[in-house]
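A short worksheet on the structure shown next.
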Amino acid sequence: MKKEKLVLAYSGGLDTSIIIPWLKENYDFEIIACCVNVGQEDDMVEVKNKALLSGASKIYVEDVTDEFVEDYVFDALKANAVYEGKYLMGTAIARPLIAKKLVEVAHKEGAKYIAHGCTGKGNDQVRIETAIAAIDPEMKIIAPWRIWDIQSREDAIQYAEDRNIKLNVTREKIYSRDQNLLHISHEGGHIEDPKNPPKLDELLMMTKTLKNANDDPETIEIEFFKGVPIKLNGKEMSGKQILVELNKIGGDHGVGVVDLLENRMVGMKSRGIYETPGGTILWYAHSELERLVLEKEVQHYKEVISKKYAELIYNGMWYSGLKTAFDAFVKETQETVSGKVKVQLYKGNVISAGMTSPYAIYDDNISSFGYSELYDHHDAEGFIKLFSLPYKIKAHCLGAGQNKKTLMSKMAK
């Protein structure tokens, strides 16, 4: 009889490197590895060879970098989605696409099982499995970190060493990293204790430290069309090309390093160091352009939506009905988010340096302190009387009430 097939989300990192031998020791599956390339800087030939040498019957290497940027990163960008005010969610944004590709490979291979290396304490197990459930509710999941006796990354290293599995981590530098074209995250090791300052010289991979960042500021221009970046410094580029270039430019200026003690969806706090140089520039420029073209009530309500939108992404609800409804709102707000934004980059800072848009709803002739036919200073008097009326009424009533209390107190005596 043919063996049942299982598709394993494979990266070649610590967790997935030991999962293939563990699966072979504990199950009778034909293991098909699937590495979804969302812009991580791994040697895919090496990843492929490692999976096959570890016992996979075959491996798919799916390059979906363009799809990742155009259909996932830019959705979050247009929504200005930021989790807990700091995190641009590079990991969370990639997970629904990875899950989608895993299901596609499973369907192609006739596999009924998907396995992943997400830890039992992390968010990603929820994100991956929720996305899979939304796409194929019949798919069965195997999550080794919730089954095996391995309790820590140190245990995982020992397991690999006992089986002569080559690793790219050590006990001294035991960081857990996730990389794609939008970011790199760093967790584990000395980072886990909030009292420890991050060893940035040791950690950072995309971004220079402030000490080593360029000493001269640099001004760049990004052009947007309906909320999507289409040109960098006047040159038309694909979304992927723009993000690649901004990662290099932003990284050279030390932009986009975040130290975040975040609230995980599984109920605990965790600390991560995130590098998102290009994304930080894009999010800032896009937000500034919205200030120029969106009317007040739309801009303010979108800020409310953006926070909830970020929570949905972080919590693995990319394919939820609520996010779909929010997408319709966001799409409508982006109809006029077209224009050019200049920003200056210097020692970790992104600073506004001017912007223009054919949809700008700012007119310096009206907003200046000088005379304007559209606005008469005397008009403010009537407006202020009406605006302040509720507060006058409240003060009057409470004042009268206080006098009444004083009178009653005197009568009681």
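The values are calculated or read from the model by the stated rules, or taken from the named source; none is laboratory data. Just so it is clear, the structure is predicted and the values come from calculations on it, not from any experiment. Quick reminder, even Gly has a Cβ in these numbers, built from the backbone with ideal geometry, and neighbours come from all protein chains shown. Calculation scope for accessible area: heavy atoms of the full protein, side chains included, ligands and nucleic acids excluded. Shrake-Rupley method; radii C 1.70, N 1.55, O 1.52, S 1.80 Å.
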Subject >> Cβ-placed point charges (K, R +1; D, E -1), dipole of the stretch 85-193 about Cα centre in debye, nearest 20 >> reply: 340 debye
Original post:
Percentage of Cα-Cα pair distances in the stretch 72-138 greater than 17 Å, rounded to whole percent?
Top reply: 48 percent
Subject >> Integer Hz, Karplus 6.51/-1.76/1.60 couplings in order for the stretch 157-164, x for Gly and Pro >> reply: 4, 4, 4, 5, 4, 5, 10, 6
Subject >> aspartates and glutamates whose Cα lies under 16 Å from that of K108, excluding same-chain neighbours fewer than 8 positions away >> reply: E4, E30, E62, D136, E138
Original post:
When we measure straight from the Cα of K394, which lysines land under 21 angstrom away, once same-chain ones fewer than 8 places off are left out?
Top reply: K385, K404, K405
Original post:
Considering only the other residues whose Cβ falls under 10 Å of the Cβ of E262, what net charge follows from Lys and Arg at +1 and Asp and Glu at -1?
Top reply: +3
Original post:
Local charge sum around Q125 (other residues, Cβ-Cβ under 15 Å, Lys/Arg +1, Asp/Glu -1)?
Top reply: +1
Subject >> 5 Å-binned pair-distance histogram of the stretch 262-317 (Cα, whole percent) >> reply: 4, 14, 16, 23, 20, 13, 7, 3
Original post:
When the accessible area of the stretch 7-155 is computed with all protein chains present and a 1.4 Å probe, what percentage of it is carbon and sulfur?
Top reply: 46 percent
**OP:** Report Rg (one decimal) and Dmax (nearest whole number) for the chain, counting Cα atoms only, units Å.
**Re:** 26.8, 99
Subject >> Loop trypsin sites (Lys or Arg not before Pro), the stretch 89-187 (other Cβ atoms within 10 Å of the site Cβ: 16 or fewer; DSSP) >> reply: K112, K121, R163, K166, R171, K173
**OP:** Show the residues, 5+ positions off or on another chain, whose built amide H is closer than 5 Å to the amide H of Y60.
**Re:** A33, C34, C35
Original post:
Excluding ligands and nucleic acids, what accessible area in Å² is computed for H300 using a 1.4 Å probe, to the nearest 10?
Top reply: 90 Å²
Subject >> 5 angstrom amide H check on I230, placed H, neighbours 5+ away >> reply: E223, F224, F225
**OP:** Translational diffusion coefficient, Stokes-Einstein: compute it for the stretch 89-176 using the Kirkwood radius over C-alpha pairs as Rh, at 10 °C and 1.306 mPa s, and state it as an integer in µm² s⁻¹.
**Re:** 109 µm²/s
Original post:
Okay, helix-only estimate at 222 nm for the chain: each DSSP H run of n ≥ 4 adds -39500 (n - 2.57), divide by all residues, round to 500 deg cm²/dmol; what do you get?
Top reply: -13500 deg cm²/dmol
Original post:
Probe 1.4 Å, all protein chains in place: accessible area of M268 in Å², nearest 10?
Top reply: 70 Å²
**OP:** Enter the accessible area per residue of the chain (Å², integer; probe 1.4 Å; all protein chains in place).
**Re:** 53 Å²
Original post:
Antiparallel DSSP bridges in the chain: what percent, to the nearest 5?
Top reply: 65 percent
Original post:
With θ set to phi - 60° and the Karplus curve 6.51 cos²θ - 1.76 cosθ + 1.60, what are the ³J(HN,Hα) couplings of the stretch 82-96 in order, to the nearest whole Hz, using x for Gly and Pro?
Top reply: 9, 8, 6, x, 9, 9, 8, 6, x, 5, 4, 5, 7, 4, x
**OP:** Using only the C-alpha atoms of the stretch 195-349, find the volume of their convex hull and express it per residue in Å³.
**Re:** 136 Å³
**OP:** Return the lysines within reach of K331: Cα separation strictly under 22 angstrom, same-chain partners fewer than 8 residues apart disregarded; answer none if there are no such residues.
**Re:** K78, K226, K231, K240, K296, K302, K307, K308, K323, K340
Original post:
Can you pull the three principal axis extents for the Cα set of the stretch 10-142, in Å, largest first?
Top reply: 45, 33, 29
Original post:
Under the classification rounded if a/c is under 1.5, otherwise prolate if a/b is larger than b/c and oblate if not, where does the stretch 48-206 fall, given a ≥ b ≥ c as square roots of the Cα gyration tensor eigenvalues?
Top reply: oblate
